[in-house]
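Colleague: For reference, the structure I am asking about is given below.
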Amino acid sequence: MTQPFDPLLQDLLDVLGEGVVFSGDQIPGKAKSDESRTGRAMPAIYLRPRTAVEVADALRLCNAARRPVTIQGGMTGLAGGANPDGGDVALSLDRLAGVEEIDRDAGAMTVWAGTVLETAQKAAEEAGFLLPIDLGARGSCQIGGNLANNAGGIRVISHGVTRDNVLGLEAVLADGTVISSLNKMQKNNTGYDLKQLFIGSEGTLGVITRAVLKLKPIGEGRETCLCAVESYEAAVSLLHAARKDMAGLSAYEVMWRNFFDFSSKAEGLRFFEETPPFVVLIEQTGAASIEAFLEASFEQGLIADAVIAQSEKQRLDVWKVREGYALDHLPDLMNYDVSLPIGDLDAYAREVTDDILADYPEAHVSVFGHMGDSNIHLCISVGQAGEAEHNAVDGIVYDHVRRFKGAVSAEHGVGRLKRAYLGHSRSPEEIALMRRIKAALDPNGILNPGRVLPASEGDDSGRSVSVRTTVQNKERRRRRFDPS
Ligand SMILES: Cc1cc2nc3c(=O)[nH]c(=O)nc-3n(C[C@H](O)[C@H](O)[C@H](O)COP(=O)(O)OP(=O)(O)OC[C@H]3O[C@@H](n4cnc5c(N)ncnc54)[C@H](O)[C@@H]3O)c2cc1C
């Protein structure tokens, strides 16, 4: 069937040429969905610009045509943010890749947004530095995607989230204006810190094309251990002790029994005679001895047992269990990424688990996460799940987040999947201000529409969510949380 004439396609071809502009069968299948696997439509036009100027030209034309643009990085996102709607223009950053400069004196590297994280990490290492941003998807995710999502990952406890490791950036606005804010200095208080507008805005305010990232010294030596912990209170006290006694603490990850049991069995690995209620993974780089720390913790009754990795293979085995990839084989797995005050994480996890099991007695609920960063992940499978089950489980998970005054997204972003729940974590006034910023930077709403912000102002309190949940669940939760 012949496609109807698309004047924007012709304009883009005229300005950018055939090597940059693709349509129809030329568009690769990967343009359909990110790792959330919720994408359902192919874009109508696919762009692979090679320079920031080409990004600017593309956006100028799309803006004039009022055509939605979906920005695509490494497509490892878990919130559906990079999934296009049919008819969209998809703009891939994959060709805008490479390390432009490593400035040793400034302790900074300048990279193009489409650079794969692992490539940037290796370049930093070859120059004798550590690039502190690190996450499981390092082999595919891009620096631009990391900034757009303000990614967290496994080094947050020592180096902060992505935002804390960015000195400057360059971004292109919806109208094609290039904002070059490639600052390399540690201190710069000249007016508004514009880079912060783009970091964590999930592509709704501009296309990030370059970034200046902080580099740190590479730590000497690395020790990793697993600790058996009998209570959540002990896990919190152990965290305090680890922070106090280990200057080089680089990971503090907690696995609830259900998760550890499932993941270690699936990997065929056995670390303890019996799985304790909590298993804590501690990693440190530096001079302190992890053995001395564990001995002291044992004496204080904080841990019941511990295993120290004796080789790189054992270290990787420990992390393999923590990554929990075996969970992906459970039917219709639902992944959640929430933040709560550290003291509340276990109470939250227990309440969600109880509610899920009350409604779905056969369900699998796994809990684990970056406890040191007040962030846990819940992986829930209730068997084959349709929209009703997804909405019901979302409702349970996020209603409890609201009650504990937590965040419905800790590090994966809001994207398309959590926008209806933004009001669970942010006030109507905060969301109204977000809408004003969006309107100022992208008045025609062409950049990643349908992400982050709720569908309409009426949804800003998050109440619209109950419309999507089953009536039974809605009634049950209203009784529990809103006695009035
Ligand atoms: C195995 C695995 C492990 C993961 N572990 C973690 C983790 O520990 N911590 C964590 O935070 N996340 C994690 N993630 C989620 C994901 O990898 C991160 O969010 C990552 O930062 C996304 O980068 P990306 O390049 O793949 O972005 P994409 O998936 O392509 O896009 C994500 C969002 O950013 C926007 N975007 C992408 N590039 C740009 C750009 N240049 N300018 C403007 N907007 C842009 C997109 O439109 C979309 O809204 C994990 C994912 C997987 C599959």
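The values are calculated or read from the model by the stated rules, or taken from the named source; none is laboratory data. Computed from a predicted model, the values in this text were never measured in an experiment. We place every Cβ from the backbone using ideal geometry, glycine too, and count neighbours over all the protein chains shown. To get the accessible areas, we keep the full protein, side chains included, count just its heavy atoms, and leave off ligands, DNA and RNA. Shrake-Rupley method; radii C 1.70, N 1.55, O 1.52, S 1.80 Å.
Colleague: So the check is Cβ under 9 Å with 6+ separation or different chains; which pairs have a first residue in region 445-473 that's over 24 Å from Ile208 (Cβ atoms) and open to solvent by 70 Å² or more (accessible area, probe 1.4 Å) and a second one that's within 16 Å of the ligand (Cβ to nearest atom) and at pLDDT 70 or above?
Modeller: Every condition considered, the pairs that remain are Ala455/Arg419.
Colleague: Continuing with the same structure: Given the criteria near the ligand (Cβ under 9 Å from one of its atoms), surrounded by fewer than 23 Cβ atoms within 10 Å (Cβ to Cβ) and more than 30 Å from Arg243 (Cα to Cα), does Val99 qualify? Please lay out each step first, then the result.
Modeller: Working: near the ligand (Cβ under 9 Å from one of its atoms): no; surrounded by fewer than 23 Cβ atoms within 10 Å (Cβ to Cβ): yes; more than 30 Å from Arg243 (Cα to Cα): yes.
Judged against the criteria, Val99 is not a match.
Colleague: While we're on this one: Going by the conditions given, is Gly114 surrounded by 23 or more Cβ atoms within 10 Å (Cβ to Cβ), near the ligand (Cβ under 9 Å from one of its atoms), within 20 Å of Val178 (Cα to Cα) and under 14 Å from the mean Cα position of the chain (by Cα)? Write out each step before concluding.
Modeller: Details: surrounded by 23 or more Cβ atoms within 10 Å (Cβ to Cβ): yes; near the ligand (Cβ under 9 Å from one of its atoms): yes; within 20 Å of Val178 (Cα to Cα): yes; under 14 Å from the mean Cα position of the chain (by Cα): no.
Judged against the criteria, Gly114 is not a match.
Colleague: Checking His400 against (1) under 20 Å from the mean Cα position of the chain (by Cα); (2) surrounded by 22 or more Cβ atoms within 10 Å (Cβ to Cβ); (3) within 29 Å of Ala251 (Cβ to Cβ), only one condition comes out false. Which one?
Modeller: If we test His400 against (1) under 20 Å from the mean Cα position of the chain (by Cα); (2) surrounded by 22 or more Cβ atoms within 10 Å (Cβ to Cβ); (3) within 29 Å of Ala251 (Cβ to Cβ), just (1) comes out false.
Colleague: Please work out which residue is nearest to Ser36 (Cα to Cα), limiting yourself to region 408-443 and to residues that are within 13 Å of the ligand (Cβ to nearest atom), open to solvent by less than 50 Å² (accessible area, probe 1.4 Å) and aliphatic (A, V, I, L, M). Please lay out each step first, then the result.
Modeller: Narrowing region 408-443 to residues within 13 Å of the ligand (Cβ to nearest atom): 409-419, 441-442.
Retained after the next criterion (residues that are open to solvent by less than 50 Å² (accessible area, probe 1.4 Å)): 409-415, 418, 441-442.
Checking the rest, the ones that are also aliphatic (A, V, I, L, M) come to 410, 414, 441.
Numbers: Ala410: 16, Val414: 12, Leu441: 28 Å.
Only one residue tops the list, namely Val414.
Colleague: Output the strands (runs of 3 or more DSSP E) that fall wholly within region 324-392 and possess 1 or more residues being of a type in the set (Lys, Arg), in contact with a helix residue (DSSP H, G or I) (Cβ under 7 Å, 6 or more places away or on another chain) and within 15 Å of the ligand (Cβ to nearest atom), or say none. Before the answer, list the steps.
Modeller: Numbers: elements: 334-339, 364-370, 375-381.
Fully inside region 324-392 and qualifying: nothing.
Colleague: If you don't mind, another one. Cβ-Cβ distance below 8 Å, separation of 6 or more or different chains: which pairs start in region 397-417 with a residue that is more than 20 Å from Gln72 (Cα to Cα) and end on one that is open to solvent by 30 Å² or more (accessible area, probe 1.4 Å) and of a type in the set (Asp, Glu)?
Modeller: Once the first residue is more than 20 Å from Gln72 (Cα to Cα) and sits in region 397-417, its partners that are open to solvent by 30 Å² or more (accessible area, probe 1.4 Å) and of a type in the set (Asp, Glu) give His400/Glu351; Phe404/Asp344; Gly406/Asp344; Ala410/Asp373.
Colleague: Let me ask you something else. (1) within 10 Å of the ligand (Cβ to nearest atom); (2) under 15 Å from the mean Cα position of the chain (by Cα); (3) over 20 Å from Ala90 (Cα atoms): which one isn't true of Leu169, the others all being true?
Modeller: Result: Leu169 fails condition (2) only.
Colleague: Right, another one. Which condition does Ser427 not pass, out of (1) touching a helix residue (DSSP H, G or I) at 6+ places or on another chain (Cβ under 9 Å); (2) modelled with pLDDT of 95 or more, if it passes all the others?
Modeller: Checking Ser427 against (1) touching a helix residue (DSSP H, G or I) at 6+ places or on another chain (Cβ under 9 Å); (2) modelled with pLDDT of 95 or more, the one that fails is (1).
Okay, residues lined up against (1) within 29 Å of Ile179 (Cβ to Cβ); (2) buried (at least 19 other Cβ atoms within 10 Å of the Cβ):
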site	(1), (2)
Gly19	yes, no
Gly29	no, no
Leu47	yes, yes
Val55	yes, yes
Arg60	yes, no
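Colleague: Tell me, which strands (runs of 3 or more DSSP E) lie completely within region 13-81 with 2 or more residues that are away from the ligand (no atom under 16 Å from the Cβ), in the same structural domain as Glu411 (by TED's automatic domain parsing) and in contact with a helix residue (DSSP H, G or I) (Cβ under 7 Å, 6 or more places away or on another chain)? Spell out how you get there, then give the answer.
Modeller: Numbers: elements: 21-23, 45-47, 69-72.
Of the strands (runs of 3 or more DSSP E) lying wholly inside region 13-81, none has at least 2 residues that are away from the ligand (no atom under 16 Å from the Cβ), in the same structural domain as Glu411 (by TED's automatic domain parsing) and in contact with a helix residue (DSSP H, G or I) (Cβ under 7 Å, 6 or more places away or on another chain).
Colleague: Considering only region 297-319, how many residues are assigned to a helix (DSSP H, G or I), farther than 17 Å from Ala228 by Cα and either within 16 Å of the ligand (Cβ to nearest atom) or among the hydroxyl-bearing types (Ser, Thr, Tyr) (or both)?
Modeller: Going through region 297-319 one residue at a time, the tally reaches 1.
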